[in-house]
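Laboratory data are not the source of any read-out in this text; all were calculated from the coordinates shown. Keep in mind that this is a model prediction, so the values were computed, not measured. Counting neighbours? That spans all protein chains shown, and the Cβs are built from the backbone with ideal geometry, glycine included.
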Amino acid sequence: MSRDIAFYIVDIFIAADKIKRYTHSFTDAKAFLHNELAWDATIRELEIIGEATNRLLKEDLLDTSYRMIVDFRNQIVYGYFGIDEEIVWEVITTLLDPFLETLSSLVKKQHIDLSSAISSAKEDHHYNTKTLKLPNTLSQKQ
């Protein structure tokens, strides 16, 4: 049984929200890199975004220019000793928000119902009030 595409979209929104929370206090890539916990957690969330984006591409919901997100994920996963913090910082500070806007437009344009995915996310993250804020916000928008 394949997973509904809405779940991947919600996964991306949650991962992006976590990245923003993990990195909001940093002003540059070097400081961010030297915070082991924030760096490692952010890298993990970028992996999730890349994997979920790959699923959206397979369903032809995104144009092929978004393949770079999957390629970036693969570079992180398989080249973890050579990750360039400046590139990661650029992704976080300049590329993440436009991608989220694209996803929001996709949801509206394709009339994708996120309600089941949001409910599932609320169950999955019931223990974490910070993470729960995003699914609650998404619920209000649906």
Item to complete: For the stretch 5-141, report the translational diffusion coefficient in µm²/s to the nearest whole number, using Stokes-Einstein at 20 °C, 1.002 mPa s, and a Kirkwood Rh over Cα pairs.
Response: 139
Discussion item. Using the Cα centre of the chain as origin and beta-carbon charges of +1 (Lys, Arg) and -1 (Asp, Glu), tell me which of Ile5, Gly82, Thr64 is placed farthest towards the positive end of the dipole.
Written reply: Ile5
Discussion item. About the Cα centre, and with charges only on the beta carbon of Lys, Arg (+1) and Asp, Glu (-1), how big is the dipole of the chain? Nearest 20 debye, please.
Written reply: 480
Item to complete: Return the lysines within reach of Lys122: Cα separation strictly under 28 angstrom, same-chain partners fewer than 8 residues apart disregarded; answer none if there are no such residues.
Response: Lys18, Lys20, Lys58, Lys108, Lys109, Lys130, Lys133, Lys141
Worksheet item: Mean 1/r over all different Cα pairs, inverted: what Kirkwood radius does the stretch 71-142 give, in Å?
Response: 14.6
Practice prompt. Could you state the angle between the C-alpha long axis of helix 115-124 and the longest principal axis of the C-alpha atoms of the chain, as a value from 0 to 90 degrees rounded to the nearest 10?
Written response: 50
